[in-house]
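K.L.:
Below you will find the structure I want to go over with you.
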Amino acid sequence: MRKATAAMALWAAAWLLPSACGTAPNEPRTGLVIAMQNAPATMDPGVALDEASQKIQQLVFSSLLKIDDHLRVAPDLATRFEALDPLTYVAEIPAGVRFHDGREMTAKDVAFTFRRFLDPAFVSGRKGAYHDLASVEVRGPYTVAFHLSRPAASFPINLVMSLVPDGTGAEAARHPVGSGPYRLREFVPDDHVTLDPFPSAFGGVAKNSQITFKVVPDETMRGLELRKGSVDLVVNDMSPDLVASLRQVPHLQVVTALGTDYAYLGFNLRDPILADLRVRQAVATAIDVGSIVKYLRRGLAEPATSIVPPMSWAHADDIAPTPYDPARARALLDEAGHRDPGNGRPRLHLTLKTSTAEAYRVQAAVIQRNLADVGIACDILTSEFSTLMADVLHGNVQLYTLQWIGVTDPDMLRRVFSSTQVPPAGFNRGFYRSPRADQLIDEATAASDEGDRATLYKTAARVIAADVPYVSLWYRTNTIVAQSNVTGLTLSPTADFGFLANVTRRQ
């Protein structure tokens, strides 16, 4: 067994031992209790950027559009949605949709929701997504038109947005009024959020009597609460190690489905060593992604090939995972002029920056061992996330590991790899430049036909994969750990919380 693989197996085995804490739940409750790692920051969907806020808002609000299981934009509340021309989209909502305060939703509410992002006085980190939106027009009691300043075929994904009443202001942060299956009962910052079913919900009344989101920052405590039965379920806020341990608890169940989160190793292509494609290829073939998935991720991941996830309509299925091939890595380093100096000395030195989170530190250690096996000495520098991001944005890195969360639209290829998107304009943090990739991405952005867009995005993804600006590591598997008497558990690729309206607990 390879050294890195053996080390991972031993490290993993310690977490698989059964615990004496696995007693059956015995606390009678009405409603469901769900443990979350982080507290929501705000209940106003127009400003919410954190995952916890957005997940809970999926239950409090209705959206105009939604993302389906193939990551296409599909109608949610909208009964009609179409492009009249490349600059005009029209949406229609049904009559009779009620907000939690009893008011009927009309086109004015829909228009207000999106006009907020055009208002210079409205402060929100989400406004950048609407830079192509020129105006919003009310065309009838339930009909709205969106006018763009330029063709942007990916614009509809920005209409996957919670709808708020006309006139909503700062009070929505703590006292939201939505039209979703639940209305807010109580919001205690950093402690819990309790939701009650909304009896007039347009899509039907929720099947449970109440949901409480309990903030439990410590992972060990979340596991203990599941073991003792004081929490009904946890969605994704569990490490693979803890999931492996909880699988052995008789009164718990584990539900999984492939997700869209994408982990990668990034290169700074401005670095003179890493500007050489052969060095990047050598690093990619030196990393044993299969063992990382098997041992570190406990199988709760799949080897990745592109930032566009595999369930996407625009995923290029013919891009294969980079094979683990140390011999090939050594040959590539020879070609690049980094020959083995002998006497156990490294061919070259690199620095890998990662976060202080345990999972990332261990993963970095495995990558370090893999690179050492082909003659690359790699120093690991860990820092808090904010410091790591600052270094990445300023190009103060050689190698780094990060994760993209909730990738749904292939337009991420433009935002991450277009030469026009280097910071601060976009997310091209490795300073990758390819005229061919730029051309394909630009054509895909402007194309109106989905088939044409898919072909262009797939071709762009192939070009980018061949240039190796990233080493694709893995796609995360979404995971629910729940009491065995909880029913109605389903997971979408984005692990949205909408399914919770159908979750019940057998007595």
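No value in this document is a laboratory result; all are computed from the given coordinates. A quick note: this is a predicted structure, and the numbers were derived from the prediction, not measured. Ideal geometry is used to build each Cβ from the backbone, glycine not excepted, and the neighbour counts take in all protein chains shown.
K.L.:
What's the exposure ranking of Phe198, Phe431, Phe213, going from fewest to most Cβ atoms within 10 Å?
P.N.:
Phe431, Phe198, Phe213
K.L.:
Put a dot 7 Å past each Cα toward the Cβ at Glu335 and Leu277; how far apart are the dots in nm?
P.N.:
0.9 nm
K.L.:
Per residue of the chain, what 222 nm ellipticity follows from adding -39500 (n - 2.57) for every DSSP H run with n ≥ 4, rounded to the nearest 500?
P.N.:
-7500 deg cm²/dmol
K.L.:
If you don't mind, there's one more thing I want to ask. Quick check on my link table: of Lys214/Lys294; Lys66/Lys207; Lys66/Lys294, which ones sit more than 29 Å apart, alpha carbon to alpha carbon?
P.N.:
Beyond 29 Å between Cα atoms: Lys214/Lys294; Lys66/Lys294.
K.L.:
So who's got an amide H within less than 5 Å of the one on Ser62, skipping anything under 5 residues away but keeping other chains? H placed 1.01 Å off N, in plane.
P.N.:
Those qualifying (amide H under 5 Å, at least 5 residues apart or on another chain) are Leu163, Ser179, Gly180.
K.L.:
Let me ask something additional. If you fit an axis through the alpha-carbon atoms of helix 3-13 and take the longest principal axis of the Cα set of the chain, what angle between them do you get, 0 to 90°, nearest 10?
P.N.:
40 degrees
K.L.:
Turning to a different aspect of this structure: Explain nothing, just compute: Karplus ³J(HN,Hα) = 6.51 cos²θ - 1.76 cosθ + 1.60, θ = phi - 60°, for every residue of the stretch 375-391 in order, whole Hz, x for Gly and Pro.
P.N.:
With coefficients 6.51, -1.76 and 1.60, one gets x, 9, 7, 10, 8, 9, 10, 9, 7, 4, 4, 4, 5, 4, 5, 4, 5 Hz.
K.L.:
Take Asp325, project a point 7 Å from its Cα along the Cβ direction, then tell me which residues of the stretch 266-285 have their backbone nitrogen under 15 Å from it.
P.N.:
Flagged as within label range: 278-285.
K.L.:
So for the pair Leu224, Ser448, with labels modelled 7 Å out along Cα→Cβ, what separation do we get in nm?
P.N.:
6.1 nm
K.L.:
Would you mind ranking Val362, Val243 so that the residue whose beta carbon has the fewest other beta carbons within 10 Å leads the list?
P.N.:
Sorted ascending by nearby Cβ count, the order is Val362, Val243.
K.L.:
Something else about it: Any chance you could give the angle, 0 to 90 degrees and rounded to 10, that helix 435-446 forms with the longest Cα principal axis of the chain?
P.N.:
For 435-446 against the chain, the angle is about 10 degrees.
K.L.:
Arrange Ser448, Ser472 by Cβ neighbour counts within 10 Å, fewest through most, would you?
P.N.:
Ser448, Ser472
K.L.:
Place +1 on the Cβ of every Lys and Arg and -1 on the Cβ of every Asp and Glu in the stretch 231-359, take the dipole about the Cα centre, and give the residue among Ser239, Gly266, His315 whose Cα lies farthest towards its positive end.
P.N.:
Positive-most Cα among the choices belongs to Gly266.
K.L.:
How high is the FRET efficiency from Gln439 to Thr382, r the C-beta distance, R0 45 Å, rounded to 0.05?
P.N.:
So, using R0 = 45 Å, E works out to roughly 0.70.
K.L.:
Please list 3J(HN,Hα) in residue order for the stretch 356-366, calculated via the Karplus relation 6.51 cos²θ - 1.76 cosθ + 1.60 where θ = phi - 60°; whole Hz, with x for glycine and proline.
P.N.:
Result, ordered by residue: 7, 4, 4, 4, 6, 5, 5, 4, 4, 5, 5 Hz.
K.L.:
What is the angle, in °, between the Cα long axis of helix 326-335 and the longest principal axis of the Cα atoms in the chain? Nearest 10 is fine, range 0 to 90.
P.N.:
70 degrees
K.L.:
Looking only at the chain, where both bridge partners belong to it, what percent of the DSSP beta bridges are antiparallel (to the nearest 5)?
P.N.:
Here the antiparallel bridges make up roughly 80 percent for the chain.
K.L.:
Can you return the aspartates and glutamates within cross-link range of Lys353? Criterion is Cα-Cα under 16 Å, with same-chain partners fewer than 8 residues away left out.
P.N.:
Filter leaves Asp271, Asp379, Glu384, Asp391.
K.L.:
Through the Karplus equation 6.51 cos²θ - 1.76 cosθ + 1.60, θ set to phi - 60°, convert the phi angles of the stretch 222-237 into ³J(HN,Hα) values in whole Hz; use x for Gly and Pro.
P.N.:
4, x, 5, 5, 5, 4, 8, x, 7, 10, 7, 7, 9, 10, 6, 7
K.L.:
Another question, then. Would you kindly state how much longer the chain becomes between Thr88 and Arg185 on full extension, computed as 0.36 nm times their sequence separation minus their alpha carbon distance, in nm to one decimal?
P.N.:
Going from the current span to full extension adds 31.0 nm.
K.L.:
With a point put 7 Å past each Cα toward its Cβ, work out how far Arg139 is from Lys108 in nm, to one decimal.
P.N.:
Each label point is offset 7 Å from its Cα along the Cβ direction, giving 2.0 nm.
K.L.:
Any chance you could run the full-extension gain for Glu171 through Asn38? It's 0.36 nm times the residue separation minus the Cα-Cα distance, nm to one decimal.
P.N.:
Full extension of this stretch gives 45.7 nm more.
K.L.:
Compare the Cα positions of Ala444, Thr490, Met389 along the charge dipole of the stretch 376-507 (+1 at Cβ of Lys, Arg; -1 at Cβ of Asp, Glu; about the Cα centre) and return the one farthest towards the positive end.
P.N.:
About the Cα centre, the residue reaching furthest to the positive side is Thr490.
K.L.:
Hey, can you grab everything whose amide H is under 5 Å from the amide H of Cys378? Only 5+ residues off in sequence or another chain; H modelled, so Pro and N-termini drop out.
P.N.:
Amide H neighbours of Cys378, under 5 Å, 5+ apart: Leu350.
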